[in-house]
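Notes follow once the structure below has been shown.
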Amino acid sequence: MGSIKSLRCRECGKEYEPQFRYVCEECFGPLDVTYREASINRHTFDLREKTYWRYFELLPITDKANVVSLNAGLTPLQHADKLGERLGLKNLYIKNDSVNPTFSFKDRPAGVAVSRAKETKLKAVGCASTGNLASATAAHAAKAGLPCYIFAPSDIEHVKIAQALSYGAEFVAVEGTYDDANRVASIIGDSKGYGIVNINMRPYYVEGSKTLAYEVAEQLGWEVPDRLIIPVGSGAMLNAICKGFEELHALGLVGSVKNLKIVAAQPHGCAPVVDAFKRNSDEVIPVERPETIAKSLAIGDPGDGIYVLKRLKQYGGLAEEVGDEEIRDGIMMLAQSEGIFTEPAGGVSVGVLKKLVDEGNIDKDEKVVCYVTGNGLKATEAIIGVLPKLTAVKPDAAAVSAMIG
Ligand SMILES: Cc1ncc(COP(=O)(O)O)c(C=O)c1O
Ligand SMILES: N[C@@H](CCOP(=O)(O)O)C(=O)O
């Protein structure tokens, strides 16, 4: 049995029974899941399934029978020696979450939220999305046998729309930004009683992403790295990863997290958190019209932005942005040195890492984990212009030989 205890307001600390609720009725703060003490140690996980459900006691589902799993998680933590050499880092790792079942890290939070929807007998699920969450929610809903409603900007990558539609979701293509889609999803979800995974189910949903901390620690032999590079949209994942490391420490599974340093990475065309960090302000000013090839990070009004700023203060953090060209360079560098093909969000992580190393902000001996959260096959239009042009050649060895030299 899982050990969920309560929902606790992140602002005022008021506790609630774990119900279908996502903001505090006193102060409108966001709610976080708390757990009863779990009796686990480092060896508890040794023989368990190779998915993020290996951490079942630390996830907000009571009965294992309600788990809706596509076998996501326990993705590779690749020692990136070649990329590290190019950047001048001795101890670089890529957490490659692009190889999940729907090809992004969103299988973690979506899988947890859809499982919770099944457990609490909701009649339908959905999400507001920039594309990746759409497929993750739709695929898990298909597996659970639940209807699924997606609300997303109409101009996201075609393949992300095709993927979500293929899983049988109803796709509402909103003429507007992600924030417009989010507003509509919130109203529809509340009026119809649908579980909108990243809005009215958010306390449960975000718990899935903290497994990105658990896995990294376990894969490093229960060690806390020196620094994490995390791409930021709403900021939910960054917060969840910090919560994950803190929980591991509280459980005695890892040592101190005091020296962990966090980097928030955003694209130049939508970098409200980086902007606030650089102004040394606690106020995140929304970006009205995001303009970036990193469409999955095009969240102008990041719901967890202020909490990212708090985390950066708590963890000696940095925040940096990179433009479209640096994002493409990051995609190519990762593909050509490590054989990992990422969508632009991963190009943002690598681009920001390169920028910080070049500027002398990261020491060459640090153990750095760079999160790559989505697959390059999902956004090929972002790089098509920088790939070499192909010239067709007759199926003739002499002609081919003349061409390739
Ligand atoms: C591939 C990818 N990486 C990173 C993020 C950022 O996650 P968050 O919105 O939780 O900050 C998103 C979505 O926003 C995403 O789709
Ligand atoms: N990038 C996300 C959109 C929003 O998800 P959230 O967790 O930040 O609320 C997506 O993949 O759709």
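Quick note: the coordinates plus some simple rules give every number you see, no bench work behind them. What you are looking at is a predicted structure, and each value in this text was computed from that prediction instead of being measured. No Cβ is skipped: glycine too gets one built from the backbone with ideal geometry, and neighbour counts run over all protein chains shown.
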If you bin every alpha carbon distance in segment 109-248 into 10 Å steps from zero, what whole percent lands in each bin? 13, 40, 32, 14, 2
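As an exercise, identify the GluC sites (Glu not before Pro) in segment 212-254 lying in DSSP coil whose Cβ has no more than 15 other Cβ atoms within 10 Å.
Here the sparse-neighbourhood loop sites are E223.
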Cross-link reach from K295 to aspartates and glutamates, straight Cα distance under 14 Å and at least 8 residues apart if same chain, gives D155, E157, D179, D324, E343, E381
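Relative to the compact-globule scaling 2.2 N^0.38 Å, provide the ratio for the alpha-carbon radius of gyration of segment 310-358. Could you put the intermediate results ahead of the total?
Numbers: Rg = 11.9 Å, N = 49, 2.2 N^0.38 = 9.7 Å.
Here the answer is 1.23, to two decimals.
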Nearest-ten-degree value, helix 344-358 long axis tilted from longest Cα axis of the chain: 70 degrees
Restricting to Cα pairs under 8 Å and 6 or more apart, the percent relative contact order of the chain works out to 16 percent
Please order R108, R328, R183 by the number of other Cβ within 10 Å, starting at the fewest. R183, R328, R108
Filtered hits (aspartates and glutamates, Cα-Cα < 13 Å from K90, offset >= 8 within chain) -> D81, D226, D363, D365, E366
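Which value, in debye to the nearest 20, describes the size of the charge dipole of segment 188-238 about its Cα centre when Lys and Arg Cβ atoms bear +1, Asp and Glu Cβ atoms bear -1, and nothing else is charged? Write down the numbers at each step before the final one.
On the way: 4 positive and 6 negative charges, 58 e Å.
So the magnitude is around 280 debye.
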Take the residue pairs K64/K261; K192/K378; K278/K389; K313/K378; K95/K143; K123/K378 and return only those whose Cα atoms are more than 28 Å apart. K64/K261; K192/K378; K278/K389; K313/K378; K123/K378
Restricting to bridges with both residues inside the chain, how much of the DSSP beta-bridge set is antiparallel, in percent to the nearest 5? 30 percent
Among A298, M332, Q314, which residue has its Cα positioned farthest towards the positive end of the charge dipole of segment 298-338, with +1 placed on the Cβ of Lys and Arg, -1 on the Cβ of Asp and Glu, and the dipole taken about the Cα centre? Q314
I need the phi-derived Karplus couplings for segment 53-61: 6.51 cos²θ - 1.76 cosθ + 1.60, θ = phi - 60°, integer Hz, Gly and Pro marked x. 6, 4, 9, 3, 4, 9, 10, x, 10
Debye intensity ratio in log₁₀ form over the Cα atoms of the chain, taken at each q of 0.06, 0.09, 0.14 Å⁻¹: -0.23, -0.51, -1.26
For segment 4-91, what are Rg and Dmax over the alpha carbons, in angstrom? 18.7, 52
What does the helix-only formula give at 222 nm for the chain: each DSSP H stretch with n ≥ 4 adding -39500 (n - 2.57), the total divided by the residues, and the result rounded to the nearest 500 deg cm²/dmol? -11000 deg cm²/dmol
I need the calculated FRET efficiency for the pair D226 and E37, taking r as the beta carbon distance and R₀ as 25 Å, to the nearest 0.05. 0.30
Between T102, T137, T51, where does the largest GNM mean-square fluctuation fall for the chain, given springs only between Cα atoms within less than 10 Å? T51
One finds the C-alpha centres of segment 196-237 and segment 1-78 to be spaced, in Å, by 12 Å
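Give me the percent of DSSP beta bridges within segment 1-160 that run antiparallel, rounded to the nearest 5. Don't jump to the answer; show the numbers that get you there.
On the way: 11 of 15 bridges.
The antiparallel proportion sits near 75 percent.
If you wrap a convex hull around the alpha carbons of segment 280-405, what volume per residue comes out, as a whole number of Å³?
Details: hull volume 19.2 nm³, N = 126.
That works out to 152 Å³ per residue.
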Let me know the volume per residue of the alpha-carbon convex hull for segment 1-159, in Å³. 181 Å³
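Placing +1 at every Lys and Arg Cβ and -1 at every Asp and Glu Cβ, with all other atoms neutral, what dipole size does the chain have around its Cα centre, in debye to the nearest 20? Intermediate values should be presented prior to the final figure.
Working: 46 positive and 52 negative charges, 180 e Å.
Rounded to the nearest 20 debye, it is 860 debye.
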